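Q: Handing you this structure, nothing more for now.
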Amino acid sequence: MGSQVDSKFTWVIHNLPYFHSERIYSDSFEIGGCNWRLIAYPKSKWLNRLTLEVADAESIAIGWRRLANFSVTIVNQALEKIYRRQGHYF
């Protein structure tokens with residue numbers, strides 16, 4: 001079993017209703033020796049979906065996998081919060 005790493009990444013998206021693309025990518029960030037990034041899928045004035053993915057997936061060896069236990073807090077401009085906690089194998 002791997003070791004637990006406590007780290008934090010903050011991504012602020014300004015003016016979300018004005019994005020006209022299907023996806024918005026965060027900068028890559030390293031946690032636990034792996035490079036990650038977030039992908040937001042905007043819909044109208046909110047997010048349709050937010051995903052976490054391995055940022056350099058094409059360079060990872062066959063059979064590589066990680067269990068990522070993470071939490072996400074989304075805050076809109078009115079300071080309402082949605083909290084979700086997930087675990088996922090990559």
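Q: What are the residues in the range 1-57 that are aliphatic (A, V, I, L, M), surrounded by 10 or more Cβ atoms within 10 Å (Cβ to Cβ) and either modelled with pLDDT of 75 or more or touching a Gly at 6+ places or on another chain (Cβ under 7 Å) (or both), if any?
A: 5, 13, 24, 31, 38, 39, 40, 50, 52, 54, 55, 57
Q: Something else about it: For the range 70-90, give me each residue that is modelled with pLDDT of 75 or more and exposed (fewer than 11 other Cβ atoms within 10 Å of the Cβ).
A: Matches in the range 70-90: 71, 73.
The values are calculated or read from the model by the stated rules, or taken from the named source; none is laboratory data. In this text the structure is predicted, and so the values were computed from the model without any measurement. With ideal geometry, Cβ positions are generated from the backbone for all residues, glycine too; neighbour counts draw on all protein chains shown.
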